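**Q** Got a structure for you, questions after.
Read the figures in this text as sums done on the coordinates, not as results from a lab. Model, not experiment: these values are computed from the prediction. Cβ placement follows ideal geometry from the backbone for every residue including glycine, while neighbour counts extend to all protein chains displayed.
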Amino acid sequence: MSYLNREQRRNMILEAAKRVALLEGLSGLTVRRIANEAQVSTGQVHHHFASSSHLKAEVFNELMNQLNEVENQITTHTHLERLSLLLGCENIEQTQPYLRLWNEAEILITQDQEIKKAYNLAMQQWHTALASTIEYGITQQEFKKSIYSSSQDIAWRLIAFVCGLEGIYQLGLNGLDEHSYKHHVEMMLKLELF
C-alpha cells in the first residue's frame, strides 16, 4: 500500500466503517471488523477515532447525509410524493439500509451519548427537510396554509406520528403491515395538509 497521510488514512477507515454499517448495522462496527475491512491495524482505528462510540456516531451522521443525497436523487412529481418518500412510506431499495440504521440508532440513544447526539442532529436535518418540503408545497398551492400551525409544527407532528407508527409496526402487531403503515401516513398527510 502506498503512503497515505493522516487524513487519507482516517477517510479510508471511515469509508470502510460506512460499508460495514450499511451491511451489518451499527452493532457490526467493532474495531476489529473495521480494521479488517480497511486493511489496517486495530491500533490505526484507535489512533484516528477517540472511541468506538465516536466512530459510530460519525458513521451514522455521514450515512444520514448520504441518505439525504440518495433521496434527493429520487424523482418525485409532487411535494406530497416527496413527503411520502421523506417519511419512509416508499419501499425503495436504495433507502432501506439507511432506514435500518436509523431504527438501530433510535434504540442505541439510551445507551450511547455520542449516538444520541448524532441522532439528534439527524432528526433536526429530517425536520428541516420536511418543513421545507411543506413550505414549497404551500407556495406551489399543492398544500393549504394552516392558520393554526406553522410548517415546522406540522413537520414535528409528522415525525412524531411516523416514529410512533414505526414503533408499533416493529412490534409486528396484527393489522399493521407495510400497506396499512403507508395508508395511515397518507391519511395523516391529508389531515395536516389538505
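**Q** Could you derive backbone 3J(HN,Hα) for the range 79-93 from the dihedral phi with the Karplus parameters 6.51, -1.76 and 1.60 (θ = phi - 60°), listing whole Hz in sequence and x where the residue is Gly or Pro?
**A** Couplings: 5, 5, 4, 5, 4, 4, 5, 5, 8, x, 7, 8, 7, 9, 3 Hz.
**Q** Considering the values (i) 11.7; (ii) 12.7; (iii) 10.3, which represents mean projected area of the Cα convex hull in nm² as calculated for the structure under consideration?
**A** (ii)
**Q** Helix 178-193 sits at what angle to the longest principal axis of the chain, using alpha carbons and giving 0 to 90 degrees rounded to 10?
**A** Computed tilt is about 60 degrees.
**Q** Give the lysines reachable from LYS116 as a straight Cα distance under 19 Å; neighbours fewer than 8 places away on the same chain don't count.
**A** LYS18, LYS56
**Q** Straight-line reach from LYS182: which lysines have Cα under 16 Å away, leaving out those fewer than 8 places along the same chain?
**A** Filter leaves LYS190.
**Q** Compute the angle between helix 113-139 and the longest alpha-carbon principal axis of the chain, please, reported from 0 to 90 degrees and rounded to the nearest 10.
**A** 40
**Q** Which FRET efficiency value, to the nearest 0.05, is calculated for LYS145 and GLU7 with the Förster distance at 45 angstrom and r the Cβ-Cβ distance? List each step's numbers first, then the result.
**A** Values: r = 47 Å, r/R0 = 1.04.
Calculated transfer efficiency: 0.45.
**Q** Here's something else I'd like to know. Within the range 116-132, which residues have the backbone N less than 15 Å from the label spot 7 Å out from ILE109 along Cα→beta-carbon, could you tell me?
**A** Backbone N within reach: 116-128.
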